[in-house]
Amino acid sequence: NAGVTQTPKFQVLKTGQSMTLQCAQDMNHEYMSWYRQDPGMGLRLIHYSVGAGITDQGEVPNGYNVSRSTTEDFPLRLLSAAPSQTSVYFCASEPLDGVQFFGPGTRLTVL
Amino acid sequence: KQEVTQIPAALSVPEGENLVLNCSFTDSAIYNLQWFRQDPGKGLTSLLLIQSSQREQTSGRLNASLDKSSGRSTLYIAASQPGDSATYLCAVIGYGQNFVFGPGTRLSVLP
């Protein structure tokens, strides 16, 4: 199993650009989520999904969209990048009631 | 709103010492609690998961305890080694499957 994979590892955007961060898992987990990690702020939940076709907002959803068309994939879209979205983004998955597995992260810089 | 704090923020100990990391949370209505390890520039690795009905979990040199009524969890590391150097995060999981992370404790074990 590859576990949770994220692409790209690094990305630089200009303000106003849009992009999609990819996340995939091959463990057939129902629950997937996106976090951002900022110095001094810890990890904060952006969006999550409890299964294909079901998504919901976390603590900091503004400026981000998600969809879950398959169990395996959970992409995160930045609609119009802002410098405040400079962060490290982590995708995670877990079986319901189980241990959470994290991807390696995407380091995003918005200029 | 659930808030999670961790004390201390940073800790430096000589190799071989036993140590305790603390995690506190404000809302005792939790589903479970998880301890993670994060190495610099990497994703998170789950160490221990404690269900809300449990008092403690053990894995090798690690022991985590949970006291829901007082809103506390501790991670005990026995006979620390330089390879234990990392940031340790606790996460509280509510009944909506949402994770709330603490800011982490940065541990350095000196040879």
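The values are calculated or read from the model by the stated rules, or taken from the named source; none is laboratory data. Please read these numbers as outputs of a predicted model, since none were measured by experiment. Quick reminder, even Gly has a Cβ in these numbers, built from the backbone with ideal geometry, and neighbours come from all protein chains shown. Ligands, DNA and RNA are stripped out before the accessible areas are found, and what is left, the full protein with its side chains, is counted by its heavy atoms. Shrake-Rupley method; radii C 1.70, N 1.55, O 1.52, S 1.80 Å.
Scan region B:11-38 residue by residue and report those that are open to solvent by 50 Å² or more (accessible area, probe 1.4 Å) and in contact with a strand residue (DSSP E or B) (Cβ under 6 Å, 6 or more places away or on another chain).
B:SER12, B:PRO14, B:GLU15, B:VAL20, B:ASN22, B:TYR31
Can you pull out every residue in region B:30-46 that is of a type in the set (A, V, I, L, M) and in contact with a Gly (Cβ under 7 Å, 6 or more places away or on another chain)?
Across region B:30-46, the qualifying residue is only B:ILE30.
Could you say whether any residue in region B:6-22 is among the β-branched types (Val, Ile, Thr) and free of Cβ contacts under 8 Å to residues at least 24 places away in the same chain?
First pass over region B:6-22, keeping only residues among the β-branched types (Val, Ile, Thr): B:7, B:13, B:20.
Filter again for free of Cβ contacts under 8 Å to residues at least 24 places away in the same chain, leaving none.
No, region B:6-22 contains no residue that is among the β-branched types (Val, Ile, Thr) and free of Cβ contacts under 8 Å to residues at least 24 places away in the same chain.
State whether the residues of region A:70-79 include one that is among the polar types (S, T, N, Q), at pLDDT 95 or above and in contact with a Ser or Thr (Cβ under 8 Å, 6 or more places away or on another chain).
no
Have a look at B:SER52, B:SER80, B:SER59 and point out the one that is farther than 27 Å from A:GLU59 by Cβ, over 11 Å from the mean Cα position of the chain (by Cα) and surrounded by 13 or more Cβ atoms within 10 Å (Cβ to Cβ). Break it down stepwise before answering.
Numbers: B:SER52 fails: farther than 27 Å from A:GLU59 by Cβ; B:SER59 fails: surrounded by 13 or more Cβ atoms within 10 Å (Cβ to Cβ).
Going through B:SER52, B:SER80, B:SER59 in turn, just one is farther than 27 Å from A:GLU59 by Cβ, over 11 Å from the mean Cα position of the chain (by Cα) and surrounded by 13 or more Cβ atoms within 10 Å (Cβ to Cβ): B:SER80.
Out of all the residues in region A:1-31, which are out of contact with any Leu (no Cβ under 9 Å at 6 or more places or on another chain) and within 11 Å of another protein chain (Cβ to nearest Cβ)?
In the first step, residues of region A:1-31 are kept if they are out of contact with any Leu (no Cβ under 9 Å at 6 or more places or on another chain); the result is A:1-5, A:9, A:16, A:24-28.
Hits for region A:1-31 are A:GLY3, A:VAL4, A:THR5, A:LYS9.
Do we have A:THR15 as under 15 Å from the mean Cα position of the chain (by Cα) and not small (Gly, Ala, Ser) here?
No.
I'd like the residue in region A:98-111 that is modelled with pLDDT of 95 or more and over 18 Å from A:GLY42 (Cα atoms) and, out of all such residues, is farthest from the other protein chains (Cβ to nearest Cβ).
Among residues in region A:98-111 that are modelled with pLDDT of 95 or more and over 18 Å from A:GLY42 (Cα atoms), the one farthest from the other protein chains (Cβ to nearest Cβ) is A:LEU111.
Out of all the residues in region A:43-61, which are open to solvent by less than 40 Å² (accessible area, probe 1.4 Å), under 16 Å from B:LYS1 (Cα atoms) and assigned to a strand (DSSP E or B)?
Passing the criteria: A:LEU43, A:LEU45, A:ILE46.
Out of all the residues in region B:16-35, which are within 14 Å of B:THR5 (Cα to Cα) and among the aromatic types (Phe, Trp, Tyr)?
Within region B:16-35, B:PHE25, B:TRP35 qualify.
If I ask for residues that are within 11 Å of another protein chain (Cβ to nearest Cβ), out of contact with any Asp or Glu (no Cβ under 9 Å at 6 or more places or on another chain) and surrounded by 16 or more Cβ atoms within 10 Å (Cβ to Cβ), which ones from region A:62-97 would you list?
Matches in region A:62-97: A:TYR89, A:PHE90, A:CYS91, A:ALA92.
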